[in-house]
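The values are calculated or read from the model by the stated rules, or taken from the named source; none is laboratory data. Predicted model only: the values in this text are computed from it and were never measured. Here the Cβ positions follow ideal geometry from the backbone for every residue, glycine too, while neighbour counts run over all protein chains shown. For the accessible areas, the whole protein counts, side chains as well, though only heavy atoms, and no ligand, DNA or RNA atoms are used. Shrake-Rupley method; radii C 1.70, N 1.55, O 1.52, S 1.80 Å.
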Amino acid sequence: MRRKMRVYIGIDDTDSPSGMCTTYVAARALKAVEELGARAIDCPWLVRLNPNCPHKTRGNAALCLPIEVDRSEFPSVWERVLEVVRELADVGNGADPGVAAFSEEARPHLLPFYYRTVREIVEVEEALELAERHALAYWRHGEGRGIVGAVAAAGADLDTLSTYELLAYRRREMWGKERWVDPESVIRMDYLFADCTFDNFDYEKREVRLTPHTPCPVLLGIRGTSPEVLPQALSVLVLGEPYDFYQVFRTNQATDLHYRPSSVSELRPLTSAVVRGRVVGRPVVGPGGHVFFELDDGTGRVTVAVYEPTGSVRKVVLKLVEGDLVEVYGAVKPKPQGLTLNLEKLRVIELKPLFVPRAPRCPACGRTMESAGRGQGYRCDRCGYSDPRAQKVPVQVDREVTPGIYEVAVSARRHLVRPLRLELSQRVTSSPGSGLRPREEG
């Protein structure tokens, strides 16, 4: 009797800025091993890792092929995967691919590493140690940084892989050429499948967000919450070229998984954090339309940067005043002046009453009085009342902003950031505030 085994094959770093895409390599590898008799037990996994990693090519994605195979046939399957990786990886332009295969029983040993790789910077040596101890087989090329993503993807927590993306690939003769998808068809798709797709069109900037801008094999990607609906959504689009094939991936995109609640004193470079504190002073507009403000949480202060591409959220930030209580979500970046948190999401929790000095009202007729001159008080032009001792009085004004969550434009949103559209749908089926705090492993 043949003995079946479940195997999780992680693949990473097969692309470069000049071309290729690891999702394409994984999709091709899956087709190849299915021809050998292996069976996919799930969609391939598209696993986003720390978006602040300095070694990433673009979106810092690693892939995993979850398959079932006869134990005796695993060596053939493994060699076939390596053949595909060696054939397609863009090693001539700097790709350092890594591949690692693990059994079902080994995956729990990888779980902490997966979470750390999403939230921190980890070293190749740590991934190699795990591969040495737990992998059925592993391989790396050159410096082999790809082994980090390969191990992390194979160890991904299924509970965090809660969204999907359909990627349609171009015919080879179209690689490197300009892409075109009819914007009106994208809007129609978004309307028809609004409950199951997201971040496919930026209505603030009127931009299609389905297509990459790199010379890779990807024609387009449709993000959603239902793997069954995504092919239907694809059929609505009007394309400038026929696609070669498509693959639906299960992903950890749009989960806020990269964030960790933190105090200012605990912030570390190249991580993503959630910090609650009070606004210091008033936000200011810098060169290029970028907005900056200081946040103090009692353990220290950090500069929050809201860059021009983030869109209208900058208008909300500019209405904040000293003492407002907010929660900021974003990437922690080292800057010459100190750590800066690049805003990805903002929660306004408590607004301070805002008072501005205004001319007093006439006690006789109620009309707003006019200044009688420096140090000479105020007089009423309507009834003639005059008070040489009258001064401006503080009047509470409308803040023009309300407590709630504000997000950056779709075109500025990173893959792991959860859109408000999904936040709202989750609140309907769960407790208030769900999804606002990052999920912790355990």
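So which of 186, 248 is part of a helix (DSSP H, G or I), of a type outside the set (Lys, Arg) and within 24 Å of the chain's Cα centre (by Cα)?
186
If you go through the range 213-229 one residue at a time, do you hit one that is in a helix (DSSP H, G or I), surrounded by fewer than 21 Cβ atoms within 10 Å (Cβ to Cβ) and out of contact with any helix residue (DSSP H, G or I) (no Cβ under 6 Å at 6 or more places or on another chain)?
For the range 213-229, residues in a helix (DSSP H, G or I), surrounded by fewer than 21 Cβ atoms within 10 Å (Cβ to Cβ) and out of contact with any helix residue (DSSP H, G or I) (no Cβ under 6 Å at 6 or more places or on another chain): present.
Of 178, 204, which residue is part of a loop (DSSP other than H, G, I, E, B), farther than 21 Å from residue 412 by Cα and out of contact with any strand residue (DSSP E or B) (no Cβ under 8 Å at 6 or more places or on another chain)?
178
Taking the options 300, 288, name whichever one is at pLDDT below 95 and at positive phi.
Answer to the check: 288.
Taking the criterion of being under 17 Å from residue 281 (Cα atoms) and open to solvent by 20 Å² or more (accessible area, probe 1.4 Å), would at least one residue in the range 362-381 satisfy it?
No; the residues of the range 362-381 include none that is under 17 Å from residue 281 (Cα atoms) and open to solvent by 20 Å² or more (accessible area, probe 1.4 Å).
Which of the residues that make up the range 303-329 are on the phi > 0 side of the Ramachandran plot and under 18 Å from the mean Cα position of the chain (by Cα)?
Answer for the range 303-329, where residues must be on the phi > 0 side of the Ramachandran plot and under 18 Å from the mean Cα position of the chain (by Cα): just 311.
Scan the range 271-288 residue by residue and report those that are closer than 24 Å to residue 354 by Cβ and either of a type outside the set (A, V, I, L, M) or touching a residue at least 60 places away in the same chain (Cβ under 8 Å) (or both).
The answer is 275, 276, 277, 278, 281, 282, 283, 286.
Tell me, which residue of the range 382-414 that is open to solvent by 90 Å² or more (accessible area, probe 1.4 Å) and part of a strand (DSSP E or B) is modelled with the highest pLDDT?
My answer is 394.
For the range 33-63, how many residues meet the condition of being in a strand (DSSP E or B), open to solvent by 20 Å² or more (accessible area, probe 1.4 Å) and closer than 22 Å to residue 82 by Cβ?
Selection size over the range 33-63: 3.
Only one of 285, 279, 248, 275 is of a type in the set (A, V, I, L, M), crowded, with 17+ Cβ neighbours inside 10 Å and farther than 27 Å from residue 60 by Cα. Can you tell me which?
279
Collect the residues in the range 271-304 that are more than 21 Å from residue 404 (Cβ to Cβ) and aliphatic (A, V, I, L, M), keeping them in residue-number order.
Answer for the range 271-304, where residues must be more than 21 Å from residue 404 (Cβ to Cβ) and aliphatic (A, V, I, L, M): 280, 284, 285, 302.
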